[in-house]
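A.B. asks: Before anything else, here's the structure in question.
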Amino acid sequence: MSMNDVASCPRILVVDDEAHLRELLEITLIKMGLDVDSAENLAVARQQLLKRSYALVLTDMRLPDGSGMELVQEVSTLYKNTPIAVITAFGSADNAVVALKAGAFDYVSKPVALDQLRKLVRSALQTNEVQKEQQAAPAKLAGTYNSFLIGQSQSMQEVRLQISRLARSMAPVIITGESGSGKELAAREIHTISARSAKPFVAVNCGAIPENLMEAEFFGYRKGAFTGAADDRDGFFQAANGGTLMLDEVADLPLPMQVKLLRAIQERRVRKVGATVEEAVDVRIISATHQNLAICVEEGRFRQDLYYRLNVIELHLPPLRERLEDIVELSSSILKKLTGTDINMSSPAIDALISYDFPGNVRELENILERAIAFANDGCIEVADLALRGTRKLAEPFLLPVSNVDTVIHSRPVMDTGFPADVFTAPDLPCSLPEYLENVEREMIRRALSQTKNNRTQAAELLGVSFRQLRYQIQKLKIQE
């Protein structure tokens, strides 16, 4: 949509004490077809904000009566639908990061490059349009839209809600979580519901690129720059221009490349291998890692300045074992995606999946189900078809390790557990092992609840399981409290 096509021109508030810069910004914005108000200090800016609504506030960081950071915090708190961007002094990258963490939409550096300013303004106006659409469809804000991330557990609802907030900003995001937990899906979702959704989403596995090719892959190269460079080629930054660049497994970047990446992110310009001039790029950076970057920094494997630049906002994805209630819905969705039709799964098979540890998280669940489909008979997956290598055994916290069985059978009960030794005494072989184990679990849970006066949190601690595991077992075994 052209700026000149807007029925009622969006209004921008420019806050800067330098008259010549204020005038330059005003002229640039007016030429874009926008209305502009200006303020030379915080006091005037606050008065203007009380009078009318703005599509964007653009403020300098240094003002005569205070800091632009004060305005960032006030606008983020009092005018949540109004994006605010900051103008930082040349080389003051730390100020930009602090402003982004405080809620700033984006930033430009002095001397202000007008092409970057125009891109920032367009992004802000597009974000406003997306927000209006989301307000017209409240389900999106509630996190119930058609999400890439499946599951109705509390943790996943919180993740989707956080993603809807992150989509309104241009600040760098780092997504943390174990391998296979869905980090790339989360990044795609941030991009898809953002104002950049019409532009490319480029995902890069930083650990899969040979070190000697990294610069060429990220920034592109000119014809003849090296042997084999037969033509000009764009890099990842150019390919993602206007959109989102996801740096997966960013902790695997070698230190020399980290330096070049930091400069590209700070300056928003890249130089192709073999080129003599830089070119501007407009990308939002989303990085992901299963490693602890703070520890990598302490060990000298990751640059601290790049860490602060990437870790502006963190989104953490929970492992699958912490959201057991999502497994049924996840399995149904995966099976439908793999087969195109509904396929049945027996109750014991579902219980086995819920009891599995899933070290590989959702990615491992997909692999298990894909394998199970090949072995399933009559369109129904059974426990044997899953071929699980072992389970976390939700019953395991209630049963002692094999090495302790002989000791338990021949010893007195441990008094502080409240469980008599005969609970663990091996009787004759039961007619039904699953039924026998369920009875053991049921008895132990009842005793734990009795000892803690039905305090589930304390009972879970006593049994050595999580609160969610205990809640699931109480429902599964139909235990009356």
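A.B. asks: Residue by residue through the stretch 152-189, note down the ones that are of a type in the set (Val, Ile, Thr), assigned to a helix (DSSP H, G or I) and under 16 Å from residue 311 (Cα atoms).
C.D. replies: 163
A.B. asks: Just to be sure before I move on: is residue 357 open to solvent by 10 Å² or more (accessible area, probe 1.4 Å), under 23 Å from the mean Cα position of the chain (by Cα) and free of Cβ contacts under 8 Å to residues at least 60 places away in the same chain in the structure I sent? Break it down into steps so the answer makes sense when it comes.
C.D. replies: Numbers: open to solvent by 10 Å² or more (accessible area, probe 1.4 Å): yes; under 23 Å from the mean Cα position of the chain (by Cα): yes; free of Cβ contacts under 8 Å to residues at least 60 places away in the same chain: yes.
Yes, satisfied.
A.B. asks: A follow-up question, please. Quick one: count up the residues across the stretch 97-107 that are touching a residue at least 40 places away in the same chain (Cβ under 8 Å), in contact with a strand residue (DSSP E or B) (Cβ under 6 Å, 6 or more places away or on another chain) and outside any strand (DSSP E or B).
C.D. replies: Qualifying residue count for the region: 2.
A.B. asks: Does residue 334 satisfy the criteria of being open to solvent by less than 20 Å² (accessible area, probe 1.4 Å) and either closer than 26 Å to residue 151 by Cα or in a helix (DSSP H, G or I) (or both)?
C.D. replies: Details: open to solvent by less than 20 Å² (accessible area, probe 1.4 Å): yes; either closer than 26 Å to residue 151 by Cα or in a helix (DSSP H, G or I) (or both): yes.
Spelling it out, residue 334 is indeed open to solvent by less than 20 Å² (accessible area, probe 1.4 Å) and either closer than 26 Å to residue 151 by Cα or in a helix (DSSP H, G or I) (or both).
A.B. asks: Filter the stretch 254-266 down to residues that are open to solvent by 40 Å² or more (accessible area, probe 1.4 Å) and either free of Cβ contacts under 8 Å to residues at least 60 places away in the same chain or farther than 22 Å from residue 88 by Cβ (or both), then give me how many there are.
C.D. replies: Within the stretch 254-266, residues that are open to solvent by 40 Å² or more (accessible area, probe 1.4 Å) and either free of Cβ contacts under 8 Å to residues at least 60 places away in the same chain or farther than 22 Å from residue 88 by Cβ (or both) number 5.
A.B. asks: Restricting attention to the stretch 48-91, report how many residues are among the aromatic types (Phe, Trp, Tyr) and either free of Cβ contacts under 8 Å to residues at least 12 places away in the same chain or surrounded by fewer than 16 Cβ atoms within 10 Å (Cβ to Cβ) (or both).
C.D. replies: 2
A.B. asks: Sticking with this one: Would you please name the residue that is farthest from residue 178 (Cα to Cα), looking only at residues in the stretch 268-280 that are in contact with a strand residue (DSSP E or B) (Cβ under 9 Å, 6 or more places away or on another chain) and open to solvent by 70 Å² or more (accessible area, probe 1.4 Å)?
C.D. replies: So the residue we want is 271.
A.B. asks: Of everything in the stretch 305-323 that's assigned to a helix (DSSP H, G or I) and of a type outside the set (Ser, Thr, Tyr), which residue is surrounded by the fewest Cβ atoms within 10 Å (Cβ to Cβ)?
C.D. replies: Taking the stretch 305-323 and keeping what is assigned to a helix (DSSP H, G or I), we get 305-310, 320-322.
Keeping just the survivors that are of a type outside the set (Ser, Thr, Tyr) gives 305-306, 309-310, 320-322.
Details: 305: 15, 306: 23, 309: 21, 310: 27, 320: 26, 321: 18, 322: 13.
Residue satisfying both the conditions and the ranking: 322.
A.B. asks: Scan the stretch 432-440 and give yes if some residue there is exposed (fewer than 13 other Cβ atoms within 10 Å of the Cβ), farther than 21 Å from residue 155 by Cα, of a type in the set (A, V, I, L, M, F, W, C) and over 39 Å from the mean Cα position of the chain (by Cα), otherwise no.
C.D. replies: Yes, some residue in the stretch 432-440 is exposed (fewer than 13 other Cβ atoms within 10 Å of the Cβ), farther than 21 Å from residue 155 by Cα, of a type in the set (A, V, I, L, M, F, W, C) and over 39 Å from the mean Cα position of the chain (by Cα).
A.B. asks: Among the residues of the stretch 229-262, how many are part of a loop (DSSP other than H, G, I, E, B) and closer than 20 Å to residue 197 by Cβ?
C.D. replies: 4
A.B. asks: Output yes when any residue across the stretch 52-64 is modelled with pLDDT of 90 or more and part of a helix (DSSP H, G or I), and no when none is.
C.D. replies: No, there is no match, as no residue in the stretch 52-64 is modelled with pLDDT of 90 or more and part of a helix (DSSP H, G or I).
A.B. asks: Listed residues 179, 197, 164; which is of a type outside the set (D, E, K, R), within 28 Å of residue 108 (Cα to Cα) and either open to solvent by 10 Å² or more (accessible area, probe 1.4 Å) or at pLDDT 95 or above (or both)?
C.D. replies: Unique residue meeting the criteria: 197.
A.B. asks: Mind listing whichever residues of the stretch 68-96 are among the aliphatic types (A, V, I, L, M), at pLDDT below 85 and in a helix (DSSP H, G or I)? Please lay out each step first, then the result.
C.D. replies: Filtering the stretch 68-96 for residues among the aliphatic types (A, V, I, L, M) gives 69, 71-72, 75, 78, 84-87, 89, 93, 96.
Within this subset, residues satisfying the condition of being at pLDDT below 85 are 89, 93, 96.
93, 96, listed by residue number.
A.B. asks: Sticking with this one: Looking only at the stretch 201-245, count every residue that is among the hydrophobic types (A, V, I, L, M, F, W, C), open to solvent by 50 Å² or more (accessible area, probe 1.4 Å) and more than 31 Å from the chain's Cα centre (by Cα) and tell me the total.
C.D. replies: 2
A.B. asks: Quick one: is residue 297 under 27 Å from residue 190 (Cβ atoms) and free of Cβ contacts under 8 Å to residues at least 12 places away in the same chain?
C.D. replies: So residue 297 fits the description; yes.
A.B. asks: Considering each of 15, 36 in turn, give the residue that is closer than 21 Å to residue 74 by Cβ, open to solvent by less than 20 Å² (accessible area, probe 1.4 Å) and at pLDDT 95 or above.
C.D. replies: Answer to the selection: 15.
A.B. asks: Another question about this same structure. Considering only residues of the stretch 360-387 that are charged (D, E, K, R) and part of a helix (DSSP H, G or I), which is most open to solvent (accessible area, probe 1.4 Å)? Give the steps one after another, and end with the answer.
C.D. replies: In the first step, residues of the stretch 360-387 are kept if they are charged (D, E, K, R); the result is 363-364, 366, 370-371, 378, 382, 385.
Now drop any that are not part of a helix (DSSP H, G or I), which leaves 363-364, 366, 370-371, 385.
Working: 363: 134, 364: 27, 366: 61, 370: 107, 371: 72, 385: 22 Å².
In this case the residue turns out to be 363.
The values are calculated or read from the model by the stated rules, or taken from the named source; none is laboratory data. Remember, it's a predicted structure, so these values are computed and weren't measured experimentally. With ideal geometry, Cβ positions are generated from the backbone for all residues, glycine too; neighbour counts draw on all protein chains shown. Heads up: the accessible areas ignore ligands, DNA and RNA and are worked out on the full protein's heavy atoms, side chains in. Shrake-Rupley method; radii C 1.70, N 1.55, O 1.52, S 1.80 Å.
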